[in-house]
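The values are calculated or read from the model by the stated rules, or taken from the named source; none is laboratory data. The structure displayed is predicted, hence computed values, not measured ones. Cβ sites come from the backbone with ideal geometry, for glycine too, and all protein chains shown count toward neighbours. Each accessible area value is taken on the protein alone, full model and side chains, heavy atoms only, with ligands, DNA and RNA left out. Shrake-Rupley method; radii C 1.70, N 1.55, O 1.52, S 1.80 Å.
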Amino acid sequence: MKALVLTAYNEFRVQEFPDPEVGRRDVLVRVEACGICGSDVHGMDGSTGRRRPPIVMGHEAAGVIVQVGPEVTAHHVGDRVTFDSTIYNPDSFFSRRGQINLCDDRRVLGVSCEEYRQHGAFAELVAVPQHILYGLPKSMTFQQAALVEPVSIAVHAQRLTPIEDGDTALVVGAGLIGLTMIQVLTNTPAKQIIAIDLDDAKLALAREFGATDTLNSRNLGDLAAAIRARTGGRGADVAFEAVGIETTVRAAVAGVRKGGTVTLIGNLSPDVSLPLQALVTRQIRLQGSCASSGEYPECLELISSGRVDVDRFISAEAPLEQGHAWFDRLYRKEPGLMKVLLKPNA
């Protein structure tokens, strides 16, 4: 098969690659669309240590089943499907507790790190176990289905976070995940949604997607005071941090009220320092949110019903041969680019 291979850091080649092996409980999917994730962009230069060459990246994908293993019963050749980015052991300790994202045997498609190498979906074909597959609604396009994975990240974070009727939610970072988080929050009891970013264009999108207030932190001397001014002097009830650097983590902590909850989604920086005394004396609940954990059915419904609009995120669609060029443009943070989809079988 044809695949886009990271052959060395910052170097890609489209080359012939061995077809995936199909296990007894696996299906073989012809990939119709696969999104370039921010984690792929950050990983291609070696900075994360989770895209060690050679590796076929790609984990936000959808396609058509072309082969099934002998023990596959729930899916058939010709089915239109998407799949979780996480390959997990359904019999593990955490999976039995409903925490498949924490499975000790967890592997992420398109990742190669010290522990494992799992080739992904920037290829004509990918093999995945049947238990991570989800059928697509008839009205859903492959392009929309390729964005189920990032939507699931937002839905998982929302599920972990206590939100009561009339609450104020703060979203720090209006990139794709932050903007998706805003849309997900419009389907919760939250009454007020405040978005924070450095980019006015992104904040304009945040308002279109349901943010009731937006703040450009570049133009504010005291961000926490600006948040309190919009929340009766208390601060937000909950905050979602969707960047993953020290400045934004601290902004999320400073932006919630006493007894509030901060949910960390972004993880660009391996380490950050935290205001420990403020966390303790204000009794802030601080938690991480890792990937997703079985939220795909809800996400498929949110997208197919139009309650979450993913079409607005798609900046371009391109064949594998143009993959390197689009990676470069995303790496350089070209203005206006959000989600680029590669189409291996175009």
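Summary table
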read-out	value
DSSP beta bridges in region 23-145 [antiparallel fraction, %, rounded to 5]	95 percent
Accessible area expressed per residue, the chain, with surrounding protein chains retained (probe 1.4 Å, Å²)	44 Å²
Stokes-Einstein D (µm²/s) once Rh is taken as the Kirkwood radius of region 266-346 over alpha-carbon pairs, at 25 °C in 0.890 mPa s	146 µm²/s
Label-to-label distance, nm, for residues given as L220 and L160 (7 Å Cα→Cβ offset)	2.4 nm
Per-residue [θ]222 nm for the chain (sum of -39500 (n - 2.57) over DSSP H runs n ≥ 4, rounded to 500)	-6500 deg cm²/dmol
Debye equation applied to the C-alpha atoms of region 93-242, log10 I(q)/I(0) at 0.10, 0.17, 0.18, 0.20 Å⁻¹	-0.48, -1.04, -1.10, -1.21
Dipole-positive endmost among G35, H131, P162 within the chain (Cβ charges, Cα centre)	P162
Neighbourhood charge, 12 Å Cβ-Cβ cut-off, centred on P162 and excluding it, Lys, Arg +1 and Asp, Glu -1	-2
Test item: Cα-centred dipole of region 8-89, Lys/Arg +1 and Asp/Glu -1 on Cβ, debye	120 debye
Euclidean distance of C-alpha centroids, region 272-346 and region 79-99, integer Å	20 Å
Relative contact order %, region 207-262, counting alpha carbon pairs below 8 Å whose residues are six or more apart	31 percent
Cα-centre dipole for region 1-143 with unit charges at Cβ (Lys and Arg positive, Asp and Glu negative), debye to 20	200 debye
Per-selection Rg to Rh, region 40-109 - Cα, Kirkwood hydrodynamic radius	1.04
Carbon + sulfur, % of accessible area of the chain - ligands and nucleic acids excluded, 1.4 Å	47 percent
Spacing of the two label points (7 Å from each Cα toward its C-beta) at S269 and R13, in nm	3.8 nm
Over the chain, relative contact order from alpha-carbon pairs under 8 Å, at least 6 apart, %	18 percent
Bridge type composition, region 110-230 - antiparallel percent by DSSP, nearest 5	20 percent
Options Q322, G306, G260, ranked by Cα towards positive dipole end of region 244-346, top entry (Cβ charges)	G260
Calculated FRET efficiency for the pair R96/R234, C-beta based, R₀ 51 Å, to 0.05	0.80
Cubic angstrom per residue, convex hull over Cα atoms of the chain	133 Å³
Nearest-20 debye value, region 96-139 charge dipole, Cβ charges on Lys, Arg, Asp, Glu	260 debye
